[in-house]
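Peer 1: One structure, as structure tokens, below. Some questions next.
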Amino acid sequence: MMSGTPKTAREMGIMVGSPPPPDKRITHENWDRPPYNRWAFQHVREVLPTISVSKGNGPASTLPEAQQDFDALPVRHERDGRDSTVMDTLLNTYTDGFIVIHNNEVVYECYLNDMMPSTLHLSQSVAKSVTATACGILIGRGEIDRDAFIGDLIPELKNSGYGDAPLRHVMDMRSGVKFGEEYTDPDSDIGKVDVASGWKPMRDGFPTAMQDIPATLTKERDHGGYFQYRSIETDVMAWVMERATGKRLAQIVSEELWQPMGAEHDALYTVDQGGYALAEGGFNATLRDFARVGLLYANKGKVGDRQLVPAEWVRETLQDGDMDAFKNYPNLDHFPRGAYKNQFWVLDTERQLINARGVFGQSIYIDALNNLVAVGLSTWPDFLNLEYFLDEVDVLNAITRELTGH
């Protein structure tokens, strides 16, 4: 290990030994905070209640390999003049697993921090994009109307801030509902999600299940305005999915996406006391199965010759993000043609670059025009770290240039 490289969970002694020392054990309070997340994000079933997302009995879709050694490929970080390599950057951004697929062939794959190909890794808000992909399939079949009001789809929310919000605006996070996403404030709205979802211990006066939260939220502005990131919007969307189908979310994602996609391993969601699977952040899967989700968007919704995700859903996700609605985003200088569409971050509407992104460094990166998909699963010491994210983009740019010549 190079000097200064972040230590692995094993090197820090986290959950090592029988029993591990008291200060190295995972608890309900510390599991998703550094440094304990370096272990826990690969062991969520040992920490929280979960429900499986079955891959079914069918064969896994094939991922042909044309592996190349990019470990020492130079990476230039133009914004501050640093020079690095692919592997150094991955190590220094706390990466656990990283894969690149170009023209439907695996060209680079590595596992760090004791992660293995069969490991299920927590994805945080990448879960939003996975859940929305299943929703897009239901919308394409006509089982869900994106222009319907949430209050009509879920009568329990008619008197909430979501009552007169079209599902379309919720999916693009352009509702006018008030919701605070302050991750480090345990009393914020997202702090209440931590408790209601079962991710943190119960607290007096806090909701005890996720589906208790949306009805408590109020409207602060008109729907359909500027983009504002609100994790609870994904759970409202998932509730619509459950109400429309009469099934719970894990079953929907299994039947509509995971099985027909040809996943190699069962996935899982964390669940709350009401059995609700956490749509906004509780999804866990293997590195290659996350890549299979990305391939759906690189291949216009197809798995082989089968159209699984509607082609129009894929097209609009890649191309129809509203840049005007995104103009208040604080990091717009790095992504001047950025947007948010169908629960995906759009890094560049013109280049058709989209990104499923989660806190602590989870990412599915789709470069549709270059037919390139990459997945990075990490355990950053911070909820958000723009420098780490931009370093990963630099890695992807270097690999893309090496593969395509531009």
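Peer 1: Between residue 328 and residue 18, what FRET efficiency follows from the Cβ-Cβ distance if R0 is 51 Å, with the result rounded to 0.05?
Peer 2: According to the calculation, E is roughly 0.50.
Peer 1: Right, another one. Filter the cross-link list 192/247; 55/178; 55/200; 178/327 down to pairs whose alpha-carbon distance in this structure exceeds 27 Å.
Peer 2: As for pairs spanning more than 27 Å Cα to Cα, those are 55/178; 55/200.
Peer 1: Label-point separation (nm) for residue 62 and residue 138, each offset 7 Å from Cα along Cα-to-Cβ?
Peer 2: 3.4 nm
Peer 1: Given DSSP loops and a limit of at most 11 other Cβ atoms within 10 Å, what is the longest stretch of the chain that contains no such trypsin sites (Lys or Arg not before Pro)?
Peer 2: No qualifying site falls inside 142-406, the longest such stretch.
Peer 1: Still on this structure, I have one more. Strictly greater than 21 Å: what percent of every Cα pair in the range 129-216 meets that?
Peer 2: Value for the range 129-216 (Cα pairs over 21 Å): 41 percent.
Peer 1: Could you tell me which residue out of 321, 240, 179 lies farthest along the dipole of the chain toward its positive end? Charges go on the beta carbon: Lys and Arg +1, Asp and Glu -1, centred on the Cα centre.
Peer 2: 240
Peer 1: Can you give the charge dipole size of the chain about its Cα centre, rounded to the nearest 20 debye, using +1 on the beta carbon of Lys and Arg and -1 on the beta carbon of Asp and Glu?
Peer 2: 540 debye
Peer 1: Determine Rg/Rh for the chain; Rg is computed over alpha-carbon atoms and Rh is the Kirkwood hydrodynamic estimate from the same atoms.
Peer 2: Rg/Rh for the chain comes to 0.94.
Peer 1: Still on this structure: Among 43, 404, 251, flag the residue with its Cα farthest along the positive direction of the charge dipole of the chain, charges on Cβ as +1 for Lys/Arg and -1 for Asp/Glu.
Peer 2: Highest projection toward the positive end goes to 251.
Peer 1: Which whole number in µm²/s is D for the range 1-103 by Stokes-Einstein, with the Kirkwood Rh taken over Cα pairs at 20 °C and 1.002 mPa s?
Peer 2: For the chosen part, D equals 124 µm²/s.
Peer 1: Please report the equivalent ellipsoid semi-axes of the range 48-172, computed as sqrt(5 x eigenvalue) of the Cα gyration tensor, largest first, in whole Å.
Peer 2: 39, 21, 16
Peer 1: Per the Debye formula with a single identical scatterer at each Cα and no solvent contribution, what log10 I(q)/I(0) holds for the range 260-358 at q = 0.14, 0.15, 0.21 Å⁻¹?
Peer 2: -0.65, -0.73, -1.10
Peer 1: Now for a different question. Within the chain, which complete DSSP H helices have Cα atoms spanning at least 18 Å along the helix axis and a mean Kyte-Doolittle hydropathy of -1.0 or higher?
Peer 2: Length and hydropathy pass: 126-140, 232-245, 386-404.
Bear in mind that the values in this text are calculations on the coordinates, not laboratory data. This structure is a prediction, so every number in the text was calculated from the model and none was measured. All Cβ positions, glycine included, derive from the backbone under ideal geometry; neighbour counts span all protein chains shown.
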